[in-house]
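Below is one structure; the comments refer to it alone.
The values are calculated or read from the model by the stated rules, or taken from the named source; none is laboratory data. It should be emphasised that the depicted structure is a prediction, and the values quoted were computed from it without experimental measurement. As a convention, Cβ positions derive from the backbone with ideal geometry for all residues, glycine included, and neighbour counts pool all protein chains shown. Note: accessible area is taken over every heavy atom of the protein model, side chains too, but ligands, DNA and RNA are not part of it. Shrake-Rupley method; radii C 1.70, N 1.55, O 1.52, S 1.80 Å.
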Amino acid sequence: MNPWWHPIWQTIQAEFADLGDEREVTRVLVRLLMAAVLGAVLGFEREHKGKSAGVRTHMLVSLGAALFVLAPSMAGADEQALSRVIQGIVAGIGFLGAGTILKGNGQDASHVKGLTTAAGLWMTAAIGTAAGMGREATALISTVLALLVLGTMPMLVDKVEKQDEEKQSEEEGRKH
């Protein structure tokens, strides 16, 4: 005779059977950890620069995107279903990014803040999606490229603006 808890234990085992063997556990861990770490790297860069969306936000966006593609893939979803999931991620991140964008009011009403943060969250979701789909190398390369953009472009823009200001000063000096 079966004890009363035996069917309960079997049900619990069946509910956790989505990770059948060590290879599957390793695959899921690598993909989710990769997404979290790469999201943390981008988030650290943004937090270090004093931006509103930092490490935790970027980690959660990347990890969430990875899980959104990983779970249906593990359940046997076809390419069309995964395509729809990715479309949903892109649209959903658009709403999250929109919340980070602020339009100035008052004297400088044309100034818009938060576009880079929104774009960074969008990129982080794409990186998480790549990691969740098992494209870890692509996710890693994309993270490095994003860091290059975030790190080098402000310096390049400052340099060009400084040169423009110097030229403008010289031209004004010649006029007087």
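Take the Cα radius of gyration of the range 51-173 and divide it by 2.2 N^0.38 Å, with N its residue count; two decimals is plenty. Kindly include the intermediate steps, with their values, before the conclusion.
Numbers: Rg = 19.1 Å, N = 123, 2.2 N^0.38 = 13.7 Å.
So the Cα radius of gyration is 1.39 times the expected 2.2 N^0.38 Å.
With K and R counted +1 and D and E -1, the other residues having a Cβ less than 15 Å from that of Met59 yield a net charge of +2. The overall shape of the range 1-124, judged from the alpha-carbon gyration tensor, is prolate: a/c is not under 1.5, and a/b is greater than b/c.
The angle between the Cα long axis of helix 136-175 and the main principal axis of the chain comes to about 10°, on a 0 to 90 degree scale. Centre-to-centre, using Cα atoms only, the range 129-159 and the range 46-91 are separated by 16 Å.
Over the chain, average the accessible area per residue using a 1.4 Å probe and give it in Å², no decimals. Display every interim value, and only then the final one.
On the way: 12340 Å² over 176 residues.
Per residue, the chain has 70 Å² of solvent-accessible surface.
Surface calculation, 1.4 Å probe, protein heavy atoms: His48 sits at approximately 140 Å² accessible.
Extension gain, Val144 to Ile101, is 13.0 nm, computed as 0.36 nm per intervening residue step minus the present C-alpha separation. To the nearest 10, the accessible area of Met74 is 70 Å² with a 1.4 Å probe. Compute the long axis of helix 22-48 from its Cα atoms, compare it with the longest principal axis of the Cα atoms of the chain, and write down the angle in degrees, 0 to 90, nearest 10. Helix 22-48 and the main axis of the chain meet at about 20 degrees.
Report the gain in length on full extension from Glu165 to Asn2: 0.36 nm times residue separation, minus Cα-Cα distance, nm rounded to one decimal. Don't skip to the answer; put the middle values down first.
On the way: separation 163, 0.36 × 163 = 58.68 nm, distance 8.46 nm.
Result for the pair: 50.2 nm of gain on full extension.
Measure nothing fancy, just the Cα-based angle from helix 55-74's long axis to the longest principal axis of the chain, in degrees from 0 to 90, nearest 10. Computed tilt is about 40 degrees.
Can you tell me the length gained on complete extension of the stretch Trp9 to Asp158, counting 0.36 nm per residue apart and subtracting the Cα distance? Mind dumping the intermediate values first?
Working: separation 149, 0.36 × 149 = 53.64 nm, distance 6.35 nm.
Here the answer is 47.3 nm.
Packing-based ranking of 90-102, 120-132, 12-24 yields 120-132, 90-102, 12-24, ordered from highest to lowest mean Cβ neighbour count within 10 Å.
Treating each Cα of the range 111-162 as one equal point scatterer and applying the Debye formula with no solvent, the log10 of I(q)/I(0) at q = 0.25 Å⁻¹ comes out as -0.94. Computed with a 1.4 Å probe over protein heavy atoms only, the accessible area of Phe44 comes to about 130 Å².
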